[in-house]
Structure formats: structure tokens, C-alpha cells
Amino acid sequence: MRPHSTAPATDAVQLTLQGPVAVIRLCRPAKRNALSDGLILAIRHTFENLPAGTRAAVIHGEGDHFCAGLDLSELQERDAGEGVHHSRMWHNALDQVQHGPVPVIAALHGAVVGGGLELASACHIRVADETTFFALPEGTRGIFVGGGGAVRIPKLIGAARMTDMMLTGRVYNAVDGERIGLAQYLVPTGTALEKALELAQRIATNAPLTNYALMHALPRIAEQPADHGFFTEALMASIAQAAPEAKERVRAFLEGKAAKVQKG
Ligand code: 1HE
């Protein structure tokens, strides 16, 4: 593959730690956190180099919007081969988000459009505040999704809804976005980051092997024919329950020392 010469825009991605939770901030508010090649490479670099001890991550955007998608000012004339390499660079970066070491929660507000929605869909949980809106303007810009959206977004909302968004430029508001599955949580304006952090802190207390199974085994099992899926599930279940941490947690419950499930 042709090497990509753009340097990571490391100043456009900020990482801070809140205990075991890495908080990753897109810091390009003047351009609505539009994803330049440098920013995409910086996202990849950040997720590839999460500090030791990180158990969960939150990603959010500075300013009034989560992310305006591909930086259109960089959209140059590319030949077909260069276009493939550019798209594959996005795939590699967003694969680090989806298949990195820890679950990732996207805290969404304002525009979550184009490549911004592709980034959000690579995360494991999406929390949207009431200002959030979702769109795929690629259709109206004469282009196509290239950051994994054609694979990930139909898994969230179905191919029919994605086709409609791209053919007609339909924009979903936060309420409808949560209803159709673009986000799992809908929260009041300005509270998405707080909610995402609360969820991340909780996720960070899970047994790491359970989190790993949810990130790496569940999506594969869901894609397998049922017969294969049942078999893979049995293997994963047996590996998870054999871990010393699982035995300790079950013992704690049986001894009345662990929290019961509370009514929602
Ligand atoms: C940008 C971008 C961008 C803003 N690339 N520069 N994405 C889109 O088609 C969405 C394009 N953006 C918008 O529709 C709007 O900017 C927003 C709804 C996101 C925000 O509106 P607003 O009024 O808050 O901001 P603005 O005034 O439109 O933009 C502020 C600045 O950011 C302005 O630059 P300035 O130098 O004039 O101040 C904008 O040009 C700039 N800006 N969005 C470049 N996207 C892997 S394939 C993925 C394919 C896609 O993602 S296609 C979808 C691209």
C-alpha cells in the first residue's frame, strides 16, 4: 500500500485521563472538527497509544459540533487508486477505535455528519444531547461514504434508512436519531459528555475479559451463521467464566457482597 505522507495533527486531538478513562477531544472547532488527513492520523495514533491502565475511552468534539465530516478543502482530484488508499487510511484509523483495547463512547452534540457519523458509528456506545443532528451529505456532494460507513451504519439503522439519508439528504434530529438507533442514549442539551463519562467509569469497573468479549467476540458472532455463532458463543462463555475475576465476582454476589440488579 502507498505510504501516507501526511503527518498526524497531534495538536488537534487532546487526551486527558480521568482515572481509568481516556477522554479524547477533537480540537478543531473553527472548522467544526472537520476530519483532515492529519486529524484522521492523529485519531489513529491516539487510539494506538492509549496510556497503560486505560479501561474505557470517551470521544467528544470542542465547540458547537461533534464533527462536520471529511475536510472538504482537502478533497482534491485523486485518481481511483489514490482514492482507495485514502479510504483505506480512514478504515485503518476507525478500526483502531472499534477494535482497539477498550470500549469507546461517543459524546455527541450538534453536527454528526458524513465522516463524523462514520467516526461515531465506529464507537461502541453513542450518547446524543438534544442539539445533535445526523446526516450523510455525501449524496448531495456527489461522493460516497469512505470511512467505513457503508459497513457500520446499516448495522445500526438498516440499509433502507441509510439509502434514504444519502439519496434525499434527510437529516435526523436527536430524538428521531435515538429512535432509529443512531444513538443509544438521548440526554438534555450540554450533558452528553457528563453522561458518557458516567457510563465509561462504570464500564471501566467490568472484568476486562467481558469488555474484550463484547468488543471482539459479539460483533463476529452476530455475523456468523447461527450454528457457528452458538459454537463461538460457547467458547467465549467458557473462557470468560474460567477467569479468576469471574469466579471472584460470582462468589461476592453469592455471599451478598455484590450489588443486585436494580429495577430500571
Ligand atoms: C468545513 C467543513 C468540512 C465546516 N470541511 N471545512 N461534510 C459536510 O458536507 C458538512 C459541511 N459542513 C456543514 O454543513 C456546516 O459547516 C455545519 C452544519 C457542520 C456547521 O455549520 P456552522 O454554520 O456552524 O459552520 P460553518 O460556517 O458552515 O463552518 C465554519 C467553518 O468551518 C467554515 O470555514 P471558514 O474558513 O469559512 O470559517 C467552513 O468552511 C468550515 N467547515 N465543515 C471543510 N466538512 C471518508 S469519506 C467522508 C465523506 C464526508 O464526510 S462528506 C460530508 C462532508
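Values quoted throughout were computed directly from the atomic coordinates according to the rules given, and no laboratory measurement underlies them. What you see is a predicted model; the values in this text were computed from it and never measured. All Cβ positions, even for glycine, are placed from backbone atoms using ideal geometry, and neighbour counts span all protein chains on display.
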Rounded to the nearest 5, what is the percent of antiparallel bridges among the DSSP beta bridges in the chain? 30
Residues in the stretch 83-106 near a label at Ala150, defined as backbone nitrogen under 12 Å from the 7 Å Cα→Cβ point? 84, 87-88
Glu82 paired with Gln184, simple spin-label distance in nm, labels 7 Å along Cα-to-beta-carbon: 4.0
The size of the Cβ-based charge dipole (Lys, Arg +1; Asp, Glu -1) of the chain about the Cα centre, to the nearest 20 debye, is 660
Could you identify which residue out of Ala57, Ala30, Ala135 has the top mean-square fluctuation in a GNM of the chain using Cα springs shorter than 10 Å? Ala30
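Taking neighbour counts of Cβ atoms within 10 Å as a proxy for exposure, in what order, fewest first, do Glu82, Glu233, Glu118 appear?
Glu82, Glu233, Glu118
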Residue-averaged [θ]222 nm for the chain, counting only DSSP H segments that reach four residues, each worth -39500 (n - 2.57): -13500 deg cm²/dmol
Quick check: residue separation of Ala160 and Leu235 times 0.36 nm, minus the Cα distance between them. What number comes out in nm? 23.6 nm
If each residue of separation counts as 0.36 nm, what is the full-extension length gain between Val171 and Ala52 once their alpha-carbon separation is subtracted? 38.9 nm
How far apart, in nm, are the 7 Å Cα→Cβ label points at Gln201 and Glu223? 3.5
Evaluate the distance, in nm, between pseudo-label points positioned 7 Å from the Cα of His91 and of Ala242 along their respective Cα→Cβ axes. 3.4
Could you estimate the translational diffusion coefficient of the chain from the Stokes-Einstein equation, with Rh from the Kirkwood formula over C-alpha pairs, at 10 °C and 1.306 mPa s, in whole µm²/s? 82
Neighbour counts of other C-beta atoms within 10 Å: give me Ile153, Ile239 arranged from fewest to most. Ile239, Ile153
What ranking do 248-258, 62-72 get when scored by the average of other Cβ atoms within 10 Å per residue, highest first? 62-72, 248-258
Work out Dmax and Rg for the stretch 1-114 from the C-alpha atoms and quote the Rg first, both in angstrom. 14.1, 46
Value of relative contact order over the chain, rounded to a whole percent, pairs C-alpha under 8 Å and six or more apart: 16
Going from the fewest other Cβ atoms within 10 Å to the most, one would list Ser73, Ser36, Ser121 as Ser73, Ser36, Ser121
Based only on the alpha carbon positions, what is the Kirkwood hydrodynamic radius of the stretch 208-254, in angstrom? 11.4
